[in-house]
Each structure stands twice: as C-alpha cells, then as structure tokens.
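This report concerns only the one structure given below.
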Protein chains: 2
Amino acid sequence: MDHLHQTFSVRFTYSVLFTERLFDYTNPLLADFFSQQATADTRKKLLFIMDSGVVDTHPDVQDDIRTYFAKHADLVDLLADFLVIPGGEIAKNDSDFVEQIVDAVDRYGIDRHSYVAAIGGGSVLDLVGYAAAISHRGIRHIRIPTTVLSQNDSGVGVKNGVNYRAKKNFLGTFVPPVAVFNDSQFLTTLDDRDWRAGIAEAIKVALIKDRPFFEWIEAHAEELAARDMPAMQYLVHRCAEMHLQHIAGGDPFEMGSSRPLDFGHWSAHKLEQLTNFEIRHGEAVAIGIALDSLYSQQLGWLTESDTNRILTTLRTLGFALYQPMLDADNSAGVLKGLSEFREHLGGQLTIMLLKGLGQGVEVHEMDADRIRQAIATLRKTDSLAFQTYKVSETL
Amino acid sequence: MDHLHQTFSVRFTYSVLFTERLFDYTNPLLADFFSQQATADTRKKLLFIMDSGVVDTHPDVQDDIRTYFAKHADLVDLLADFLVIPGGEIAKNDSDFVEQIVDAVDRYGIDRHSYVAAIGGGSVLDLVGYAAAISHRGIRHIRIPTTVLSQNDSGVGVKNGVNYRAKKNFLGTFVPPVAVFNDSQFLTTLDDRDWRAGIAEAIKVALIKDRPFFEWIEAHAEELAARDMPAMQYLVHRCAEMHLQHIAGGDPFEMGSSRPLDFGHWSAHKLEQLTNFEIRHGEAVAIGIALDSLYSQQLGWLTESDTNRILTTLRTLGFALYQPMLDADNSAGVLKGLSEFREHLGGQLTIMLLKGLGQGVEVHEMDADRIRQAIATLRKTDSLAFQTYKVSETL
C-alpha cells in the first residue's frame with residue numbers, strides 16, 4: 001500500500017514597535033495596531049496581564065490603559081479587570097499562575113481572535129505567552145516588555161515557557177507574538193542591576209556576530225553605565241534587530257540541534273540555579289561571557305588584547321565577573337551545566353566560543369581543566385570588582 | 001524611531017504510512033523510519049505510551065514491541081517501561097495524565113530529539129500529542145492510531161488537546177507528528193460501534209469535497225457494515241489523504257476563521273456533551289450530517305433525492321440518526337452548540353452546508369426554526385432505527 005507524504009509551510013509575521021509612553025492616549029501606535037487588525041465580522045476582547053513590579057513602579061499604568069481604550073473604544077473591548085502576577089522567576093515556578101490565566105481566558109470568553117497583552121519582565125512574558133499558546137490552541141498575545149533584557153532579547157523572540165519542578169523552561173512552546181511594543185519609558189524605573197543586566201545579551205550577540213556593534217558598546221560603556229537613554233535605545237534596537245534576524249535566518253523553532261546565539265549561556269543557566277536566582281540572568285550571562293572568552297583565549301582563538309577589551313567593557317558597565325558559586329564542588333557545580341545544557345537542547349552538545357570579536361564558532365566539547373583555569377583567572381582578577389559590587393548591593 | 005518587522009516560514013513535513021502488523025519484527029517499516037532519522041552524533045530514546053483499550057485487546061503488543069526493538073537495537077533506545085493510559089474521553093479529562101507523561105519525559109531524560117510514540121484511539125493520541133508538544137518546547141511524537149476515526153482523521157492531522165473543566169480541547173496546540181503509522185490490524189478488534197463511527201468522518205469529507213468518494217462509500221456501504229477490510233483500508237486511505245490535502249492546502253494552524261472540514265460538527269460536539277459522551281464522536285457526526293443535510297434541503301440547496309441518498313447510506317452503515325437529546329430544551333440544548341462552536345473557533349460563526357453531493361458551502365448563520373424542523377424529521381423517520389440500535393446496545 002502506498003504512503004502519504006505531508007508537507008506544508010506556515011508563515012509567521014509580527015512587528016516590534018519602539019515608542020515612548022505607549023499608553024499616553026495621544027500616542028496612536030497601539031490604536032493603529034488594533035485598527036489594522038480589526039475585521040468587520042467580530043468584536044475582539046483584550047485582557048491585560050501585568051507584572052506586579054510594573055504596577056508598583058508605574059502606579060498610573062492601569063488608569064492610563066483604561067483612559068487609552070476609553071478613547072479608542074471602537075477598536076477592541078478592553079476587559080475591566082487586570083490580572084496581576086508577581087514578577088521574576090516566581091511567576092514561572094508556580095503552576096497556579098498558568099491556571100489563573102487559563103481561567104481568565106475561560107471566564108472572559110477570550111477566543112482565538114481575541115488578545116492577551118502581557119506587560120512586564122521576561123518571566124511574566126514567558127508565563128503569559130505559554131498560557132496564551134495552550135489556551136484554545138493559541139490565542140493572540142501581545143508583548144509589552146518592560147526590562148532591557150526582555151526588550152532586546154526574550155520579549156521579541158518566539159519562545160515561551162514555565163519551570164517544572166525547578167527545571168527551567170521545562171514546559172513551553174514556540175509561538176510568535178502578534179506584536180511587541182517596546183516602550184523605553186518603562187526602562188527609566190528599572191533599578192541599576194536590571195538596567196545593566198540586559199546589556200549582557202547585547203554584548204553576547206555583538207561578540208558572536210557583529211564586531212562594529214561590540215565596538216559601539218565598548219565606546220559607549222560609560223554612558224550606558226550612567227543610564228544614558230538615547231544610548232540605551234540604540235542598544236535595545238540593534239540587539240532586538242539582530243535577535244529577529246537570527247530567528248528568521250536560522251531555525252526559528254529550533255528543530256535542528258544548534259543554537260548559536262547562546263554564547264556564555266551554558267554556565268549562566270547553572271549559575272542562576274546555584275545561586276537560587278539571586279543573580280539576574282544578565283549578570284550570569286556577563287560571567288558566562290567572561291568565562292568563555294578566557295577559554296577561547298586559552299585555545300589561542302582570541303588574543304589577550306581582545307579578551308581584555310571584553311572583560312574591561314563588562315567591568316566598565318559594572319558587571320562583577322566572579323561569583324563564588326563558580327568554585328562550588330565542580331562535579332555538582334558549574335561544570336554540570338555542560339551536560340544539562342546538552343540535555344535541554346537535545347542532541348549533541350553545542351557550545352559557542354569566539355575566534356575574534358564578532359566571530360562566534362561552535363564546538364562540541366569543552367575541557368574541564370581549561371574551564372577551571374578560566375574560573376581561577378576570574379577569581380583572581382575580579383575579586384576587587386566583586387567586593388565593590390557586593391558593597392553597593394547592601395547599601 | 002523606526003520599527004522592525006519579522007517574517008519567517010517554518011516548514012513541516014511528515015509521512016502517513018499504511019501497513020499491517022507494524023510490530024511484527026519482519027516488518028521493516030518502523031526500522032526504516034528510525035534508520036532514516038538516525039544521526040551520527042546522538043543516541044535517541046523512544047517511550048511508548050499506550051491506550052489501555054489496546055493493551056486489553058492486543059495483549060501481545062508490548063512483547064511484540066520489545067522483540068521488534070531488540071532486533072533493531074542499533075536504531076533507537078527503547079525505554080523498558082510502557083506508560084498505559086485509560087482510553088476514551090477520560091484520558092483528556094484528567095490533568096493527572098498530562099502530568100504523568102511530563103514526569104516520564106523528565107524521569108527518562110527524553111530530549112527534543114528523542115521520541116514519544118502513542119498507540120491508541122484519538123483521545124490518547126490527543127493527550128500524548130499535547131504533553132509532547134509542551135515538554136521541552138516540543139519533543140518528537142509518533143502517532144500509531146488504532147481506530148478508524150483516528151486513522152482517517154484526527155490522528156493524521158496537526159492538532160492535539162485535552163479538556164479543561166469539561167470544555168473540550170480547551171488546552172492544546174498545533175504541532176504535527178514526526179510520523180503516523182496506520183496499522184489496519186488494530187481495526188480488526190474494534191467493536192462494531194467504533195468500526196462504524198469512524199466512517200462518519202469519511203462521509204463528511206466526501207460530501208463537502210468529493211462526490212465520487214461519496215458514491216464509492218454509498219456503493220460499498222453494505223460491505224463496510226459487514227466489516228470488509230479491503231473496503232475499510234481504501235476508505236481510511238482516501239479519507240486520510242483528503243484530510244492531509246485540506247491541511248496543507250488551507251490554513252494548517254487555523255490562524256484564519258473558517259474550518260470548512262467541520263460539516264455536521266456544530267451539533268455533534270454539543271450532542272456528545274449532552275449525552276455525557278455516551279455516544280461516540282462519529283455517531284454524533286452521523287447525526288450532525290443528517291441534520292445539516294436536511295437543513296440544506298430545506299434551503300433548496302440539496303434535492304430530496306440527494307438528501308435521501310445521504311440518509312440511506314448512513315442507515316445502511318448502521319448509524320442511528322436520531323438521539324433524544326436533540327429534543328432537549330433548545331435554549332440549553334443542541335442550538336446552544338451554535339454559539340459554543342463560534343466561541344471555540346473564534347471570530348465569526350462559520351457553518352458548512354451542502355449545495356450538492358461533494359459540494360460544501362459556508363454560511364454564517366442558521367435559522368432555529370429550520371433546525372427544529374430538521375430535528376422533527378429525524379425524530380419521525382428514524383425512531384425505528386433508533387429502537388433497533390438501542391436494543392443491540394443493551395444486549
């Protein structure tokens with residue numbers, strides 16, 4: 001008997017829109033979006049789900065949203081209630097939050113053509129994206145990222161996820177948002193750690209793909225550390241652009257085995273876990289970048305001068321490049337991150353290293369002694385910076 | 001500030017393979033599949049999840065699988081344990097089963113390049129497909145449908161799902177399997193109701209798309225009712241082929257608003273619910289087809305002769321075309337199915353009717369009085385068949 005062969009392609013499209021004060025009712029961006037999406041046959045609903053951190057730092061945002069959609073009541077039916085979810089990793093650790101969102105979808109009768117909009121940091125966006133993706137086999141979700149990290153990286157991409165039994169992103173899907181709105185106004189209220197942490201992903205992508213962008217960051221490191229907004233806007237825009245290009249040009253749903261944008265991440269994921277998420281993802285990535293740059297130097301792939309430019313740029317931005325958990329018992333410690341990284345991605349271990357500034361290269365194994373040597377270098381050279389950093393944290 | 005626009009396409013491909021005795025170790029089909037999928041860099045794992053109904057009716061199947069993969073141990077690492085899930089709607093109603101599968105994925109270290117194979121009816125396949133889709137953002141899943149309905153319709157498609165608070169498929173995703181194996185041997189042990197029920201989906205697709213296929217079913221109705229296997233194999237193959245063509249040629253992930261393959265389904269979904277799933281999905285679809293055919297006749301779109309050919313074919317196959325719940329209080333009864341159907345699909349109500357045998361046409365409203373009239377016709381003309389059917393059930 002013959003066999004049937006099925007092949008089809010699905011086209012995904014969305015915009016990442018940059019603005020300031022998205023919910024100022026004189027700002028037409030959001031209204032224009034809903035106007036373009038409107039169809040004659042049905043009214044669409046819109047449910048906002050907000051990060052508690054955003055509600056705390058922007059107490060007017062709920063009123064602003066109500067005013068905005070009262071002025072544009074013809075476009076979409078704003079649901080009167082807002083769902084507020086605790087920000088940070090806790091949002092992804094407790095399955096009750098998934099259920100709260102699914103319940104809201106059910107209770108408010110939000111169908112596949114209605115919208116759930118998430119406002120917040122990466123964790124809340126990941127959670128809401130996941131709950132939206134599994135409800136009715138996918139309701140439309142809008143992302144309004146409020147941190148540097150989510151505006152330039154995770155929030156503009158196609159992944160969502162929650163943790164399961166403390167395993168990061170164990171449950172999740174690949175589903176693009178219908179739109180992303182990056183409002184730089186939200187960045188003004190970030191604390192310094194969150195402002196800084198998001199820059200690590202920009203350095204990561206610059207180092208593996210775009211030397212001029214790295215040199216721009218290097219040249220503007222002091223301005224960025226001093227919270228210069230135009231510099232940050234440029235950084236977020238360029239980093240988001242490269243992230244989008246990587247997704248579209250590669251393997252958007254990661255059906256193959258390599259993820260070349262994950263430079264510095266194998267140890268970062270493990271460090272976050274070992275510190276019980278006391279260090280931010282971006283802070284861990286900065287350490288991971290330093291570690292894998294030193295490792296690349298040991299292999300003779302990166303010059304000492306280029307390695308120092310990377311470390312100096314990270315330090316100028318205020319990153320500590322050593323964390324005591326790097327020296328935790330190595331069998332259960334950071335080195336364990338290598339095998340967990342392989343298991344999470346599936347297939348063969350693939351690690352990105354550097355052969356120059358802006359030139360990433362993949363390898364499939366790493367040497368434990370060389371990793372320990374790189375850690376030792378960070379311990380020795382970064383202890384002063386680390387002390388300084390800890391003091392500033394406890395002020 | 002300018003905006004970024006993201007566009008990409010993702011290509012999905014899989015085969016539907018027809019065979020007899022898939023797990024006979026002399027049958028090379030499954031071995032060939034894993035051989036083609038093998039990569040040099042990693043070993044892949046394979047977890048089987050089985051419908052308890054299959055284990056009951058095919059007590060040797062677990063041994064056969066173990067023997068098969070012992071003979072082909074070079075291809076994939078078969079996990080020694082099989083997960084057995086109760087068959088039927090219960091599999092989709094209890095969220096514990098999702099958790100059991102996700103736990104197994106975690107416990108056995110099944111990564112994105114390993115496999116979960118589901119053997120069973122549509123409910124177990126829907127459940128396993130869902131759990132696989134959300135684990136690690138999607139592990140590879142193989143479907144081995146064991147009923148007519150799953151072999152010719154749901155099992156070859158791209159949807160999965162579970163119920164949530166008794167709402168059918170409230171949680172789910174669109175994710176294609178990596179392969180479907182249709183083994184006709186499994187059909188031999190189906191009870192008559194399950195054998196018959198799956199034929200309804202073939203009649204549905206024939207009526208809206210393919211008059212010659214309807215006429216073939218009409219001509220072979222007695223053979224099909226008498227459980228002629230070559231006739232059933234042809235029916236399953238042609239129906240699966242049309243289902244695949246519909247998916248590839250249309251809107252595979254249903255991002256638009258119409259689902260033209262859903263002829264006869266708005267009332268069928270509601271009838272299943274009203275009878276607490278005592279009638280099979282296919283039995284409900286047969287009634288839904290009869291109802292919407294009579295409705296089409298009332299509109300003058302279908303001749304009396306063509307309508308009778310449809311009803312006669314359904315009755316020859318042994319379908320009862322009246323169910324007392326059709327006459328349940330209509331505000332909470334079958335008519336409620338119209339609004340629920342719209343809500344589930346989202347957007348505008350879209351119902352498929354007939355303008356001839358093999359010619360479906362979409363409408364966006366239905367008249368309650370005409371529906372009641374069609375129900376009355378079924379009540380009058382089908383009472384005898386219904387009695388007969390009930391008697392055979394209680395034997």
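No lab work stands behind these numbers, since they all come straight from the coordinates. Worth saying up front: this structure is predicted, and the values here are computed from it rather than measured. Cβ: placed from backbone, ideal geometry, glycine included. Neighbour counts: every protein chain shown.
Extending 7 Å from Cα along the Cβ direction at A:E343 and again at A:A40 yields two label points whose distance is 5.7 nm.
Whole-Å semi-axes of chain B's equivalent ellipsoid, largest first, each the root of 5 times a Cα gyration tensor eigenvalue?
Working: eigenvalues 265, 119, 77 Å².
In descending order the semi-axes read 36, 24, 20 Å.
Here is the size of the range B:111-218 from its Cα atoms: Rg then Dmax, 15.0, 47 Å.
Per-residue ellipticity at 222 nm from helix content only, as computed over chain B with -39500 (n - 2.57) for each DSSP H run of at least four residues, stands at -14500 deg cm²/dmol. Here the calculated FRET efficiency for B:D60 and A:D2, from their Cβ-Cβ distance with R0 = 35 Å, stands at 0.80, rounded to the nearest 0.05. Dipole orientation for the protein assembly as shown: of the candidates A:Q62, A:W195, B:Y295, B:Y295 has the Cα lying most toward the positive pole (charges on Cβ; Lys, Arg +1; Asp, Glu -1).
In this structure, the amide hydrogen of A:W301, modeled 1.01 Å from its nitrogen in the peptide plane, lies closer than 5 angstrom to no residue at least 5 positions away or on a different chain.
Quick check on the range A:18-87: what are the equivalent-ellipsoid semi-axes from the Cα gyration tensor, as sqrt(5λ), descending, whole Å?
The three semi-axes for the range A:18-87 are 22, 15, 10 Å.
Relative to the current alpha-carbon distance between A:T189 and A:A368, full extension at 0.36 nm per residue lengthens the span by 60.3 nm.
Dipole magnitude for chain A: about 520 debye, using +1 per Lys or Arg Cβ and -1 per Asp or Glu Cβ, origin at the Cα centre. The range A:19-85 and the range A:188-214 have Cα centres separated by 29 Å.
Counted by neighbouring Cβ atoms within 10 Å, the residues A:D327, A:D382, A:D74 run from fewest to most as A:D74, A:D327, A:D382. Between helix A:304-316 and chain A there is an angle of about 50 degrees, using the helix long axis and the longest principal axis of the Cα atoms.
Take A:51-57, A:361-367 and order them by the average number of nearby Cβ atoms within 10 Å per residue, most first; the result is A:51-57, A:361-367. Per residue, the average separation of C-alpha pairs within less than 8 Å and at least 6 apart gives the range B:293-359 a relative contact order of 39 percent. Working note: Karplus 6.51/-1.76/1.60 with θ = phi - 60° gives the range A:100-107 the couplings 4, 6, 4, 4, 5, 4, 5, 4 Hz, where Gly and Pro are set to x. Counting Cβ atoms of other protein chains within 10 Å of each Cβ in B:94-102 and taking the mean gives 1.
Find the percent of Cα-Cα distances in the range A:15-189 that exceed 25 Å, and round it to a whole number. Distances greater than 25 Å cover 25 percent of the Cα pairs.
Pairs A:K159/B:K167; A:K204/B:K44; A:K336/B:K71: which are spaced more than 29 Å apart, C-alpha to C-alpha?
Where the Cα-Cα span goes over 29 Å, the pairs concerned are A:K204/B:K44; A:K336/B:K71.
The relative contact order of the range A:15-189 comes to 26 percent, based on Cα pairs under 8 Å that sit 6 or more residues apart.
Relative to the dominant Cα principal axis of chain B, helix B:368-394 is inclined by about 60°.
For the segment B:243-256, counting C-beta atoms of other chains within 10 Å of every residue's C-beta and taking the mean gives 3.
Antiparallel beta bridges, as assigned by DSSP with both residues in the protein assembly as shown, represent about 40 percent of the total such bridges. Cβ-Cβ distance of A:D103 and B:Q245, R₀ of 51 Å, FRET efficiency by 1/(1 + (r/R0)^6): the value works out to about 0.85. In a simple Cβ point-charge model (Lys, Arg +1; Asp, Glu -1; nothing else charged), the range A:1-154 has a dipole of about 520 debye relative to its Cα centre. Convex hull volume of the Cα atoms of the range B:192-394, normalised per residue: 112 Å³. Peptides A:164-172, A:315-323, B:39-47 ranked from most to least packed give A:315-323, A:164-172, B:39-47, packing being the mean of other C-beta atoms within 10 angstrom over each peptide's residues. With a ≥ b ≥ c the root eigenvalues of the C-alpha gyration tensor of the range A:170-287, is it rounded (a/c under 1.5), prolate (a/b larger than b/c) or oblate? Rounded shape, in that the Cα axes give a/c under 1.5.
Rounded to the nearest 20 debye, the dipole magnitude of the protein assembly as shown is 500 debye, with +1 charges on Lys and Arg beta carbons, -1 on Asp and Glu beta carbons, and the Cα centre as origin. Compute log10 of I(q)/I(0) for the protein assembly as shown with the Debye formula, placing one identical point scatterer on every Cα and leaving out solvent, at q = 0.05, 0.06 Å⁻¹, to two decimals. Computed log10 I(q)/I(0) values: -0.30, -0.42.
If you take each beta carbon of peptide B:155-167 and count the beta carbons of other chains within 10 angstrom, what is the mean?
2
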